[in-house]
Amino acid sequence: MEAQPVAPRKAGQGASTPQGRAVVAAFIALAVLAGPITTVAFTPFPFAVPWQMPAGVVLSSVLSGAVLLLISVARKQQMLDAKQWLALLVFLLPQWLASPLAAPAIRSFPWLHETRWGVAFLLSLAAPLWLALLSALQLVSVEVPRAVVGAAIAGIAAVCLVIPADAYAIAANQTPVLVLQLLLNILVVFTWTYAAPRLAGVDAPAAAGSFLLLSALGNAGLSLLIARSAWRPIEWREMAISLLVQAAVIACLWSLWFWLLQRITLAAFGMRALAMWTASIVPGFVLVGFLNWRVDLALAIAVAAIVISLRAGVAEEQPVALGLGES
C-alpha cells in the first residue's frame, strides 16, 4: 500500500489521533536539531566572536528568516495575513516576557533572585501537564490523553535520575521568580492552543521566516534595552562561518517546528523538551553505554515515554472503546 501524503490537521483533530510515520520522523529530526546539532553549531560562536551572542542570535535569525521567505516566494506560496501575524506575536509574547527573568537582567532587581538552570528545564518538561491543567479547567478545548500525562511524569522522573539535585533546588527567596516562571510556562502552552488553528495550512517556511524576522526585531530591541553592554563591534570575517552555520540550523529547526505544529497532537508536541534532552544524551550513551545505571535507566524511561506519547490518542481511552459501554 502506498503511503498517503500527510495533510495538516484541522483545529481539534490533532487532539485524539496518533501520529503518522512522517510526523514521527519529523519529531525525531526536530529533537536532534534542537539538541546535539544546535549545541555543536552554537558552541564555537563565543570563541570566534567574544561577547557577541546578542548580535549573533539576531543576525542569524534575520538571515535564516529572509532565506525562508525567499524560498516560500519562489514556491509561490501565500504570505501570512493579519490574523496569522497576530498568532506569531502571541507565540513570541512569553519569550519576550521571560527576558527580564534571565541573567544578567534579573540581577538588576535586588528583590528578585534567579533560580537554578534545572528549574526552568523541569518546568519546560512539564508542558503536557500544563496543557492537561488548562484542559481540565476548560480554558482550552484540547483533549489530553491520560497516557501522555503519565508519560510526561515518567519523563521528568527520568531526567531527575541524571541531573544533580542542586540544579533544581529552590531557596525561599527564589519563590517569586519560580512563580513567574511557572506562569510563563503555562502561558507558552496556552499560546500553542491559540495559534495552532490560526496557522493551520500556512506554508511552514513562510511561517518560520516571518516568525524569525519578528523574533529578531523584538530580541534586538529587548537586548539593547536590557543588556546593551553585551553588544560589541562585529568582526564580520571571524563570525561569517559561524553565522552561516547557525542560520542554516535555525532555518531547518523552525521550519520543522511549524510543520509539526500543524500535524502533531499538542499533547505530543509538548514532549519536545524531553525528546531534545534524550537526543542530547544518546551520543554519550553510545560512547560509554552501560557504565552508569542511572543514565541507562533514564534513557530507557525517556524513550518509552516519548513513544507512548506519540502513539497515544484520546479515542482509545473512551469507555466505548474499552468495551465499558456495552450492557
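Structure summary
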read-out	value
Leading residue by the ranking (nearest to Val303 (Cα to Cα)) among those in the stretch 266-284 that are small (Gly, Ala, Ser) and in a helix (DSSP H, G or I)	Ala275
The stretch 105-115, subset buried (at least 16 other Cβ atoms within 10 Å of the Cβ) and closer than 22 Å to Asp166 by Cα, residue modelled with the lowest pLDDT	Ile106
Filter pass, Arg263 being part of a loop (DSSP other than H, G, I, E, B) and either at pLDDT 95 or above or over 16 Å from Gly56 (Cβ atoms) (or both)	yes
Test: residue in the stretch 308-321 that is at pLDDT 90 or above, touching a Gly at 6+ places or on another chain (Cβ under 8 Å) and open to solvent by 20 Å² or more (accessible area, probe 1.4 Å)	yes
Residues (outside any loop (DSSP other than H, G, I, E, B) and either touching a strand residue (DSSP E or B) at 6+ places or on another chain (Cβ under 9 Å) or within 23 Å of Val189 (Cα to Cα) (or both)) located in the stretch 69-92	Ala82, Lys83, Gln84, Trp85, Leu86, Ala87, Leu88, Leu89, Val90, Phe91, Leu92
Flag if Ala196 is small (Gly, Ala, Ser), buried (at least 18 other Cβ atoms within 10 Å of the Cβ), modelled with pLDDT under 95 and assigned to a helix (DSSP H, G or I)	yes
Leading residue by the ranking (most open to solvent (accessible area, probe 1.4 Å)) among those in the stretch 268-307 that are over 21 Å from Thr39 (Cβ atoms) and among the aliphatic types (A, V, I, L, M)	Leu291
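The values are calculated or read from the model by the stated rules, or taken from the named source; none is laboratory data. All figures in this text were calculated on a predicted structure; none of them were measured in a lab. Every residue, glycine among them, receives a Cβ derived from its backbone with ideal geometry; neighbour counts consider all protein chains shown. Just the protein is used for accessible areas: all its heavy atoms, side chains included, with ligands, DNA and RNA removed. Shrake-Rupley method; radii C 1.70, N 1.55, O 1.52, S 1.80 Å.
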